[in-house]
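S.K.: I have a structure I would like to understand better, so I am pasting it below and will then ask my questions one at a time.
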Amino acid sequence: MNRSEWSITMKTNGTGDKRTVLEIDRVCKSYVKGTRVNDNISISLAEGEIFGLLGPNGAGKTTLVNQIIGLVKPDSGGIVLDGVDIVANPNYARQACSFQAQTQVPINGLTTMQAIELVGRVRGGGAGGVRKRTRELIRELEMEEWSRKTAESFSGGMRRLVAFCMAAVIPGRIVILDEPTNDVDPLRRRLLWQQVRNLIEKGSTVLLVTHNVLEAERTVDRLAIIDQGRVIGTGTPGSLKENGSRNMRLELILEPRSEVPESPGFMQHTILNGRRMIVKLEDDDVAPAMQWARKLKDTGVVEEFSVGPSTLEDVYVKMVGNSDALIRPEQEIENGTYAS
Amino acid sequence: MARTLRSYVLMLKWQALSNKPILPLEAAVQVMIACGFVIGLSFFYPDINPTTAKFLVTGAPTLILLMTGLVLAPQIISMARAEGTFDYIWSLPVKRIVYLLADATIWVLVSLPGVVLALIIGAAYHDFSLEISPLAVPALLLIALTGVFIGYAIAHGAPKPQLANLATQIIVFFIMIFSPVVYPTEQLPDWLATLHNGLPIKYMADLSRGTLTDMDVNLGLAFSVVGVWCVAAFLVTYALVHRRR
């Protein structure tokens, strides 16, 4: 697949009349001469949306975020937040953005309450209001058990939840969340996403940096996919999926140790991840594909199967095309043979 | 101004809480170092006279303050740099200089018990009286801040955090063995004595001696040289923490 076929150039912020809060315009950054970590990146965030920045490890997502909050200076291009040039005025960005870093947050020695309250106060909140909001976040994320414990004993997931609360206690105009759910248990992930939506209701705009495509699909209003420093697709999850042409997918779970089945004619675009096999389908291929899958199940080749609409993950895999970098490493096969 | 002060108090609280698990240990180490300097070093001298004893005891505050500023602080900073925590700290709406001053305050406070104990134990052990001038407070504060800011400059300026640790170890070795802190400058070879005319170490020791005893020291010169080093180290640190990658 030619990467350009998947690219959608956004001439506007893509959200109708909503005001643009953050405008990233042709930003380039190299740490080593000749290797661009960010290559001509242009993105705009509209007020009140959850914007996803998706891409594999090393795609340049964190470098872009670090330029927004003024830790890194672009080689060229501009970043404007609320009409303010934040490349020239990084202090404004630090006031206007609250940030959950991907790296360690310095909370050892602090209890959950202390860590969240301190950031709330540092961000200008009053003592009473910050305490109330801290308690609300702790309650909503079901962290009461840890509220008065110091962070040294916390798991990675609990540390990330505390870091999220530190970004959410007095949310900025833009709340930047860099991989917020890493190591967080599935139940609290749901609670966390609810809190992310609450941030929108409170008037913030959220920039969500992730390589977890499944979560992003359920959460973001719009997204940009970044690979090797470049934006290779921008739009809503729906618009990106439509550009993926094939709209349906057949998912098969192979029996342990069974061979990859023979390929029928419709099986042109197949992805294999361990025992999980995903086949992209045209609408006309759905019926024969179901018959084929049933036969495989009856003969003991397949443990289970399902047919459904294509997901953002399918589009993402096609666009990025770099299987090693995915959260679930996948191998592409063609005509039944591995081609990884 | 009120906002800056509020930020300073909040960052001071954050740093104090962050270091709480290791502060008692660090204070204990400072006390051990203090005893080591004022008693242990005297074992080098079989017949210790009052002048030598005064050199040892009044050199101890400089050594303790430099150990804190040049070793402990950079090591903690290097660890934080390696973990990437500064990416978070620098993203907060707090002036970086305010964060640095809050951090420096912690390190100065950590080294205080060791300094006081070294002077009390040293004077008692070697049986002489200290003559403490009111200038002792600014003098010791200047030594401490200069040490911390030089440590910060090394820790934030080193290309790799591990290099900062290596550099501070070498510097401390140089200060302990090849610097006129616990012995007079006249005992050094000429070239090393000349080198020390441009470094702050000798003048830091002079600040201690001139404000804690009746020893004849050019305090004006000592304040000036150490002050210049303090401002220079502060400016370098300021530039380093404000640079963008």
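What follows is calculated from the coordinates using simple rules that are stated; it is not laboratory data. Quantities reported herein were computed from a predicted structural model and do not represent experimental measurements. When we count neighbours, we look across all protein chains shown, and the Cβ atoms used for this are built from the backbone with ideal geometry, even at glycine.
S.K.: Highest mean first, what order results for A:100-112, B:142-154, B:167-179 on Cβ atoms within 10 Å?
M.R.: Details: A:100-112: 21.1, B:142-154: 26.8, B:167-179: 15.7.
So the order, starting with the most tightly packed, is B:142-154, A:100-112, B:167-179.
S.K.: Which value, to two decimals, describes the C-alpha radius of gyration of region B:166-245 once divided by 2.2 N^0.38 Å?
M.R.: Details: Rg = 14.7 Å, N = 80, 2.2 N^0.38 = 11.6 Å.
Rounded to two decimals, the normalised Rg is 1.26.
S.K.: Please report the net charge: other residues with Cβ closer than 12 Å to the Cβ of A:ASP183, K and R +1, D and E -1.
M.R.: Values: positive: A:ARG159, A:ARG160, A:ARG188, A:ARG189; negative: A:GLU179, A:ASP185.
Once positives and negatives cancel, what remains is +2.
S.K.: Can you compute the modelled spin-label distance between A:VAL80 and B:LEU25, with each label point 7 Å from Cα toward Cβ, in nm?
M.R.: That separation, rounded to one decimal, is 5.2 nm.
S.K.: What do the square roots of 5 times the Cα gyration tensor eigenvalues come to for region B:62-175, in whole Å, largest first, as semi-axes of the equivalent ellipsoid? Intermediate results must be reported in sequence, preceding the final value.
M.R.: Values: eigenvalues 182, 56, 21 Å².
Whole-Å semi-axes of the equivalent ellipsoid: 30, 17, 10.
S.K.: Among the lysines, which have Cα under 24 Å from the Cα of A:LYS297 when same-chain residues fewer than 8 positions away are ignored?
M.R.: Answer for A:LYS297, where 24 Å is the Cα cut-off: A:LYS280, listed by chain and number.
S.K.: From the mean inverse distance of alpha carbon pairs (Kirkwood) and the Cα radius of gyration, derive Rg over Rh for region B:165-204. Walk me through the numbers on the way to the answer.
M.R.: Details: Rg = 10.1 Å, Rh = 10.4 Å.
Result for region B:165-204 is an Rg/Rh of 0.97.
S.K.: Let me ask you something else. Would you mind checking the radius of gyration and Dmax of region B:2-242 based on alpha-carbon positions, in Å?
M.R.: Radius of gyration, then largest Cα-Cα span, for region B:2-242: 18.0, 58 Å.
S.K.: Compute the helix-to-body angle for A:127-140: its Cα long axis versus the longest principal axis of chain A, expressed 0 to 90° and rounded to tens.
M.R.: 20
S.K.: Going toward the positive end of the dipole of chain B, with +1 on Lys and Arg Cβ and -1 on Asp and Glu Cβ, which of B:CYS230, B:THR194, B:GLY220 do you reach last?
M.R.: Ranked along the dipole, the leading option is B:CYS230.
S.K.: Could you list A:ASP178, B:ASP190 so that the one with the fewest beta carbons within 10 Å of its beta carbon is first and the one with the most is last?
M.R.: Details: A:ASP178 22, B:ASP190 7.
With the fewest neighbours first, A:ASP178, B:ASP190 line up as B:ASP190, A:ASP178.
S.K.: Continuing with the same structure: Once Rh is set to the Kirkwood radius over Cα pairs, what Stokes-Einstein translational diffusion coefficient, in µm²/s, holds for region A:174-306 at a temperature of 25 °C and a viscosity of 0.890 mPa s?
M.R.: Working: Rh = 17.6 Å.
The Stokes-Einstein estimate is 139 µm²/s.
S.K.: Follow-up. If each of A:LYS297 and B:ARG243 carries a label point 7 Å out from its Cα toward its Cβ, how far apart are those two points in nm?
M.R.: 6.3
S.K.: At 25 °C and a viscosity of 0.890 mPa s, what translational diffusion coefficient does Stokes-Einstein give for the protein assembly as shown, taking Rh as the Kirkwood radius over Cα pairs? Give it in µm²/s as a whole number.
M.R.: Values: Rh = 27.6 Å.
Taking Rh from Cα pairs, D becomes 89 µm²/s.
S.K.: Follow-up. Have a look at region A:24-155 and give its Rg and Dmax from the Cα atoms, expressed in angstrom.
M.R.: 17.8, 52
S.K.: With axes computed from alpha carbons, what is the tilt in degrees of helix A:286-298 against the longest principal axis of chain A, rounded to the nearest 10 within 0 to 90?
M.R.: Computed tilt is about 80 degrees.
S.K.: Something else: Work out the P(r) tail for region A:120-245: percent of alpha carbon pairs separated by more than 17 Å, whole number.
M.R.: Details: 4831 of 7875 pairs.
Roughly 61 percent, once rounded to a whole number.
S.K.: At q = 0.16, 0.25, 0.26 Å⁻¹, what is the base-10 log of I(q)/I(0) for region B:57-109 according to the Debye formula with one equal point scatterer per Cα and no solvent? Please give it to two decimals.
M.R.: -0.56, -1.02, -1.06
S.K.: What is the pair-distance distribution P(r) of chain A, computed from all Cα-Cα distances in 20 Å bins starting at 0, with each bin given as a whole percent?
M.R.: 29, 51, 19, 1
S.K.: Still on this structure, I have one more. Between A:VAL21 and residues 5 or more places away or on another chain, which pairs have amide H atoms under 5 Å apart, with H built 1.01 Å from N, and which residues are they?
M.R.: Sorted by chain and number, the residues that satisfy this are A:LEU45, A:ALA46, A:GLU47.
S.K.: What order do you get for A:GLU152, A:GLU179, A:GLU140 when you list them from fewest to most C-beta neighbours inside 10 Å? Before the final figure, lay out the partial values.
M.R.: On the way: A:GLU152 10, A:GLU179 18, A:GLU140 15.
Lowest to highest Cβ neighbour count: A:GLU152, A:GLU140, A:GLU179.
S.K.: Between A:ASP284 and A:ASN40, take the C-beta separation as r, use R0 = 41 Å, and let me know the FRET efficiency to the nearest 0.05.
M.R.: On the way: r = 39 Å, r/R0 = 0.96.
Step by step, r from the Cβ atoms, then E = 0.55.
S.K.: Using a 10 Å cut-off around each Cβ of peptide A:105-113, what is the average number of partner chain Cβ atoms that fall inside? Walk me through the intermediate numbers first.
M.R.: Working: counts 6, 10, 5, 7, 10, 5, 1, 0, 0.
Per-residue shielding by partner chains comes out at 5.
S.K.: Tell me what chain A gives for mean residue ellipticity at 222 nm when only DSSP H runs of n ≥ 4 count, each as -39,500 (n - 2.57), the sum divided by the residue total, rounded to 500 deg cm²/dmol. Display every interim value, and only then the final one.
M.R.: Details: 11 runs with 109 residues, N = 340.
Mean residue ellipticity at 222 nm (helix-derived): -9500 deg cm²/dmol.
S.K.: Hey, can you list the DSSP H helices of chain B whose Cα span along the axis is 18 Å or longer and whose average Kyte-Doolittle score is at least -0.5? Don't skip to the answer; put the middle values down first.
M.R.: Values: long enough: B:2-19 (25 Å, 0.03); B:23-38 (23 Å, 1.77); B:50-67 (25 Å, 1.22); B:96-126 (44 Å, 1.68); B:136-157 (31 Å, 1.86); B:161-178 (25 Å, 1.72); B:219-242 (34 Å, 2.00).
Membrane-span-like by this criterion, though nothing is claimed about a membrane: B:2-19, B:23-38, B:50-67, B:96-126, B:136-157, B:161-178, B:219-242.
S.K.: What's the local net charge at B:ALA53, with K and R +1, D and E -1, over the other residues with C-beta under 14 Å away?
M.R.: On the way: positive: B:LYS54, B:ARG209; negative: B:ASP47, B:ASP127, B:ASP214.
My count for the surroundings of B:ALA53 gives -1.
S.K.: Between their Cα atoms, which of A:LYS61/A:LYS318; A:LYS61/A:LYS202; B:LYS13/B:LYS95 are more than 21 Å away from each other?
M.R.: Values: A:LYS61/A:LYS318 19 Å; A:LYS61/A:LYS202 26 Å; B:LYS13/B:LYS95 16 Å.
Over 21 Å apart, Cα to Cα: A:LYS61/A:LYS202.
S.K.: Could I ask something else about it? Once the Cα atoms of region A:26-67 are picked out, what are the Rg and Dmax in Å?
M.R.: Every Cα atom of region A:26-67 included, Rg and Dmax give 11.5, 37 Å.
S.K.: Still on this structure: Which ordering of B:ARG209, A:ARG257, A:ARG190 is given by a fewest-first count of other beta-carbon atoms within 10 Å?
M.R.: Values: B:ARG209 24, A:ARG257 6, A:ARG190 12.
In order of increasing Cβ crowding within 10 Å: A:ARG257, A:ARG190, B:ARG209.
S.K.: While we're here: At q = 0.18 Å⁻¹, work out log10 I(q)/I(0) for region B:1-134 with the Debye formula, treating every Cα as an identical point scatterer and leaving solvent out; two decimals please.
M.R.: Reported log10 I(q)/I(0), two decimals: -0.96.
S.K.: Which angle from 0 to 90°, rounded to the nearest 10, does the C-alpha axis of helix A:156-168 make with the longest principal axis of chain A?
M.R.: 60
S.K.: How fast does region A:55-125 diffuse by Stokes-Einstein, in µm²/s, taking the Kirkwood radius from C-alpha pairs at 37 °C and 0.692 mPa s? Show your work: numbers first, answer last.
M.R.: On the way: Rh = 14.0 Å.
It comes out at roughly 235 µm²/s.
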